[in-house]
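Novice: One structure, as structure tokens, below. Some questions next.
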Amino acid sequence: MSTTTPVTPETTTPVLELDGDKPRTPPRRAARGGSGAGRQMQAGWVTYTILAVFVVGSLFPLVWTAIAASHSNTRLAQTPPPFTFGDRLWTNLDQAWNTGNMGLALFNTMIVAGAITVSTVLFATLAGFAFAKLPFRGKNILMLLVIGTMMVPPQLGVVPLFMAIAELGWTNQLQAVILPMMVSAFGVFFMRQYLVQALPTELLEAARVDGANSLRVVWHVVLPVARPAMAVLAMLTFVTAWNEFFWPIIALTQQNPTVQVALTGLGRGYVPDQGVIMAGALLGTLPLLIVFAIFGKQIVGGIMHGALKG
Amino acid sequence: MTTDRTNAAPPAEGGAAPRPAPDATADEKELRRRRRRSWRYRMDTKASPYGFVAPFFLFFGAFGLFPLLFTGWAALHRVRLQNPGEMEWAGLHNFTRLLSDEFFWNALANTFTIGILATVPQLAMALGLAHLLNYKMRGQNFFRVVMLTPYATSVAAATLVFAILYGRDYGMINWALDLVGINPVDWKNNTWASQIAISTIVIWRWTGYNTLIYLAAMQAVPRDLYESAALDGASPWKQFLHVTLPSLRPTILFTVVVSTIGATQLFGEPLLFAGSPSGGNQNQYQTLGLYMYEMGWMNFNLGRASAIAWSMFLLLILIGLAYWAVSKWITRSTGGRRSSR
Amino acid sequence: MRTTPRTRMTRRAAVGTAAMMLAVTACSSSDSGGGDDGGQITLTVGVFGQFGLEEAGLYEEYMELNDNIVIEQTSVQENSDYYAALLTRLPTGSGLMDIQAVEVGNIYEVTNELGQYFVDLNDYDVDTGHFMDWKAAQATSEDGRVVGLGTDTGPMGLCYRTDYFEEAGLPTDREEVSELWAGSWEDYIATGEQFMSDGPDDVKWVDSPGGVFNAVVNGYEERFYNAAGEVSYKESQGVSDAWDIAMRAVDGEMTTKQAQFTPDWERSVANGDFATISCPPWMLGYIADKSGDAGKGLWDYAAAPQPGNWGGSFLTVTEASQHKEEAVKLIEWLTAPEQQVRLFTERGSFPSSEEAIANSEDEIQGVTHDYFADAPIGELFTQAVDGIPTLIVGPRDQVIQEGLANGLLAADTQGLDGDEAWDATVRSIDNALDD
């Protein structure tokens, strides 16, 4: 069963159809499978030049972060600004690491982002499967509720959420930032859209005929099919959770920070050293950049293949 | 199993269960086993969907719905951050006063202009880049990965760097402008300059991501559409205009909506740009999210902050409805076009 | 000390894992208090910025004197973050330290509106007699509760660049410089006008309009609130004078047009973009840190036109603390005259204890600052303390002061005239204060 090739959901139609249990048949004429789908003109030097400009634009702020992290505060305050690496990189990294609580921050962020990712993907897959393939009463209303939730600005919940967290005595503790983020309406929507098309109903029925109960169906049929979309959702969720900012800055403090909270502490000091601040920014970004450098191809492929709502 | 379902679910289920006779045969045992299984089966199919959606709604109820309703309730009261448990009924006061609150309207207008400044160039560039990346070329993956790296950078890190690059007297951008003979721009204090500066941070982070989405959609456009357009003598530009763009309409709409929601909730960039929730000394770039934050956490007025939060919510609902209407319209018109072909 | 971060981390790890498994009820719920393993008592101290207590080695000494006490400090860089967090924690009683530092801008609110969350130091027979009267008064509520003990004060002088003064044909000797504007901020601005025309072209007279405003307004008893506790910034003489002086600096293009303590402003400190800046004791260290070798020997320190106080903090003990008695003992010791003198000689924070200044006159008077041309800062600060008025403080001092500084900066950067800027400022502050 795990050999089932998932059908790519139709990428061009993110419109939700509440009545759609039946898989929307992807337009057969779209050339699929081959990576060279679509029209392929040869890129000329103009194309390469434009792309090169954007490459520089994309990388420059990151590279300059590293450059700035290698200079003293006094050097950074001079014009023209430095374009080459200085000799204070280790000093600054060391100082950011120690004064900014960066070690704890990175560790915390990994736990937080990891926990959020696991639970978001798991619950979104379960709910997405139910919404995509199982008949049940109140389904449409509930799905509408999910869509509506996507509209809720995160700022909205902050006030009562903080009161609840305080009531529970969780201020400045990691569960304060994990629990409120454990599910995502977007994730449910995302998985539903994928499974509606990727999961053949016959497959489910066949499993039923074999006497499998729902949990077994999920384990042996749904999860294998959903895996590519789950991977993409996991990546999106992890990056978002890693960079999550608004809620952690309120629920946590510099004493027990995530990376983003620690960074804001570095940035607004009494005698802040820009070099150290940049070193902190570098430390907070590096883990994700390394992941991107190693798995970049897979991530790009995943985003393009798995779906595209983001 | 299908047969099981039809014949092993007698309506007599609820009636007296056959008392196990002392001389129970294997047949009877089998029958009981099947019956029990079918009951389980029906319970399973009925209950499992709820079981699958339950975790989501449990958490959503606790951490999404409850705060939503509570904020609505708090918005009707005078509440202060120092003592959130003490509420004094204020009716619609917190909402009505927003109507005459120039700072609210200012924040709304800023949210709107920054939203436009950040979204339009971003999506236009993404579209163009996707088109270029759709060419046959060397280093495809390199370009794609590099374009996506800003996405991995956090708002906090990106804003810190840009804030330094945008420094008035010692920033690199003004230094570069000076090289080409342009007077230094006060990126922090000038209204338009500060809004543009903040928009560039958003653009920088999100263009690559949207590019990949467009690229995926472009690769799904049926090739024969281009072929027939080429046969009709359409230039590449015309093909882009008349084949690519229309095929991408739903995707474009989708990215527009996602960007709009993001823009409405814009918070981190303007907060960290100068490190103050007032969004500039005259609130030049204070967004709604920032105004809410300032009201709640700097002025300690939770009631008013809640009212601001709710008006943001209502605003997003409106945007959502508009999205829904437009997307219905697009599906219909696209579907019509398809069937007529 | 080394092991502290690690033990914290493991606890976090446990908490995180538990949350992952949804076993949240099993989590520990309180952060405050610390443990008392084997008779050891851990006292936690929450401070903002570079508070100096730890840096001056005071914790270490106290722990040596008291074997059973372990002191753990957590510092949040920016007071506004620190205070917002403190506020959200106080009503819930969770996440608080045993000892919390409070900045003078927040002391009124802490003393009068949040007093119930703090220990009344009268209950522990703490002697507050050695503090300057006005300092003690600020942490005493209307009904006589004492919730905080003063650490330092900020008697103001003016730091100036001797090289720029010389270029502008102004005197460079600190006594002569003090004479230039003795008794009058108007004279200070007039000197600035002269400097702007005769001094180096790319150097401004003063760092920021907000800095000028602060320096002037803090010389008045009544600033943002009147004696009856009502908001009075619109009518108060102090605000009106300070605004006018600062507006003259704005109109004369005398400032670098920045907000204080922003990265851009820090760069202008580092690059020496201005000739003068209001200097409470803690600013000296700031300038020395920022300007580095480039500014060494170029700065000097003169008296301000009028005495005033800028900054200074208090230490409080929270009701949520589980070791109130030990915590009170600690803050009493930390703010005692001897320790205040040490804080000054080692960190440059000027004492808030009258007794400290009187008892250790020689020690304090002898302190000089080598970065500022060996200025006898002990002597100069002691003089600057004389005549500091008893400021009337109010709950929203900080919001009002920031609003006014913002308005001046807007006038400076966006070309608003004085009246427009004032109107905008009043609207903004009123909006912030409005219920």
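The values are calculated or read from the model by the stated rules, or taken from the named source; none is laboratory data. Not measured: the values here are computed from a predicted model. We place every Cβ from the backbone using ideal geometry, glycine too, and count neighbours over all the protein chains shown. Ligands, DNA and RNA are excluded from the accessible area calculation, which covers all protein heavy atoms including side chains. Shrake-Rupley method; radii C 1.70, N 1.55, O 1.52, S 1.80 Å.
Novice: Can you give the Rg to Rh ratio of segment C:173-269, both from alpha-carbon atoms, with Rh computed by the Kirkwood formula?
Specialist: 1.02
Novice: Contact order normalised by length for segment B:99-340, with contacts defined as Cα pairs under 8 Å and 6 or more residues apart; what percent is it? Can you show the working numbers first?
Specialist: Numbers: 260 pairs, mean separation 64.4, N = 242.
This gives 27 percent for segment B:99-340.
Novice: Another question, if that's okay. Kindly compute the accessible surface that chains A and C hide from a 1.4 Å probe when together, both sides summed, and give it to the nearest 100 Å².
Specialist: 3400
Novice: With every protein chain present, what accessible area does residue A:273 have (1.4 Å probe, heavy atoms only), rounded to the nearest 10 Å²?
Specialist: 40
Novice: While we're on this one: Against the longest alpha carbon principal axis of chain C, how many degrees, from 0 to 90 and to the nearest 10, is the axis of helix C:185-198 turned?
Specialist: On a 0 to 90 degree scale, this one is about 60.
Novice: If you take the alpha carbon radius of gyration of segment B:91-190 and divide it by 2.2 N^0.38 Å, what ratio comes out, to two decimals?
Specialist: 1.56
Novice: Let me ask something else about it. Could you check what % of the DSSP bridge pairs in the protein assembly as shown are antiparallel, to the nearest 5?
Specialist: Taking every DSSP beta bridge within the protein assembly as shown, about 65 percent pair in antiparallel fashion.
Novice: Which value, to two decimals, describes the C-alpha radius of gyration of segment C:80-150 once divided by 2.2 N^0.38 Å?
Specialist: On the way: Rg = 12.0 Å, N = 71, 2.2 N^0.38 = 11.1 Å.
Taking N as the residue count of segment C:80-150, the ratio is 1.08.
Novice: Buried by at least 10 Å² relative to the chain on its own: which residues of segment C:249-264 qualify, computing accessible area with a 1.4 Å probe on protein heavy atoms?
Specialist: In segment C:249-264, residues shielded by partner chains: C:256, C:257, C:258, C:261, C:262, C:263, C:264.
Novice: Among B:295, B:160, B:121, whose Cα sits farthest toward the positive end of the charge dipole of segment B:99-340 (+1 at Cβ of Lys/Arg, -1 at Cβ of Asp/Glu, about the Cα centre)?
Specialist: B:121
Novice: So, with +1 on the Cβ of K and R and -1 on the Cβ of D and E, and no other charges, what is the size of the charge dipole of the protein assembly as shown about its Cα centre, to the nearest 20 debye?
Specialist: 11200
Novice: Calculate, for segment A:184-271, the solvent-accessible area per residue in square angstrom, rolling a 1.4 angstrom probe over the heavy atoms of the protein chains.
Specialist: 29
Novice: Let me ask something else. Go from 0 up to the bin containing the longest alpha carbon distance in the protein assembly as shown, width 10 Å each, and give me the % of pairs per bin.
Specialist: Pairs per bin, as whole percents: 2, 10, 18, 22, 19, 13, 8, 5, 2, 1, 0, 0, 0.
Novice: Would you mind working out the accessible area per residue for chain C, using a 1.4 Å probe, and quoting it in Å²?
Specialist: 37
Novice: Run lengths n ≥ 4 of DSSP H only: what is the helix-derived mean residue ellipticity at 222 nm for chain C, with -39500 (n - 2.57) per run over all residues, to the nearest 500?
Specialist: Taking each H run of at least 4 residues, the total per residue is -13500 deg cm²/dmol.
Novice: Follow-up. Taking 20 Å² as the minimum loss, tell me which residues in segment B:64-93 lose that much accessible area going from the chain by itself to the full protein complex (1.4 Å probe).
Specialist: Checking the loss per residue gives B:66, B:67, B:68, B:70, B:71, B:78, B:80, B:81, B:82, B:83, B:84.
Novice: Separate question: Which positions within segment B:282-301 get 20 Å² or more of their accessible surface covered by the other protein chains, compared to the chain by itself, with a 1.4 angstrom probe?
Specialist: Residues meeting the cut-off: B:282, B:292, B:293, B:297, B:298, B:299, B:300, B:301.
Novice: Moving on. Could you tell me what percent of the accessible area of the protein assembly as shown is made up of carbon and sulfur, with a 1.4 Å probe and every protein chain present?
Specialist: 58
Novice: Could you tell me the center-to-center distance, by alpha carbons, between segment B:204-265 and segment B:145-167 in angstrom?
Specialist: Taking the Cα centre of each part, segment B:204-265 and segment B:145-167 sit 26 Å apart.
Novice: Anyone know which of B:255, B:287, B:119 comes out most mobile in the 10 Å Cα GNM of chain B?
Specialist: In the Gaussian network model the winner is B:255.
Novice: Enter the accessible area per residue of segment B:99-340 (Å², integer; probe 1.4 Å; all protein chains in place).
Specialist: Result: 35 Å² per residue.
Novice: Counting only the heavy atoms of the protein chains, how much of residue A:94 is accessible to a 1.4 Å probe, in Å² to the nearest 10?
Specialist: Here the accessible area works out near 90 Å².
Novice: Just need the Rg to Rh number for segment B:99-340, please, alpha carbons only, Kirkwood Rh.
Specialist: Working: Rg = 20.9 Å, Rh = 20.1 Å.
Across segment B:99-340, the Cα-based Rg/Rh ratio is 1.04.
Novice: Leaving out ligands, DNA and RNA, calculate the buried accessible area for the pair B and A with a 1.4 Å probe, summed over both sides, in Å² to the nearest 100.
Specialist: In total, this chain pair buries about 10100 Å².
Novice: Using the Cα centre of segment B:99-340 as the reference point, and only Cβ charges (+1 on K/R, -1 on D/E), how large is the resulting charge dipole? Debye, rounded to the nearest 20.
Specialist: In total the dipole reaches around 900 debye.
Novice: Can you tell me the dipole magnitude for segment C:60-216 around its Cα centre, using point charges on the Cβ only (Lys, Arg +1; Asp, Glu -1), in Debye to the nearest 20?
Specialist: Taking the Cα centre of segment C:60-216 as origin, the dipole is about 540 debye.
Novice: Continuing with the same structure: What accessible area, summed over both chains, is buried at the B-C interface (1.4 Å probe, Å², nearest 100)?
Specialist: About 2800 Å² of accessible surface is lost on pairing.
Novice: Any idea what Rg and Dmax come out to for chain C if you just take the C-alpha atoms, in Å?
Specialist: 22.8, 74
Novice: Under the rule of at least 5 residues apart or a separate chain, name every residue whose amide H is placed under 5 Å from the amide H of residue C:118.
Specialist: C:319
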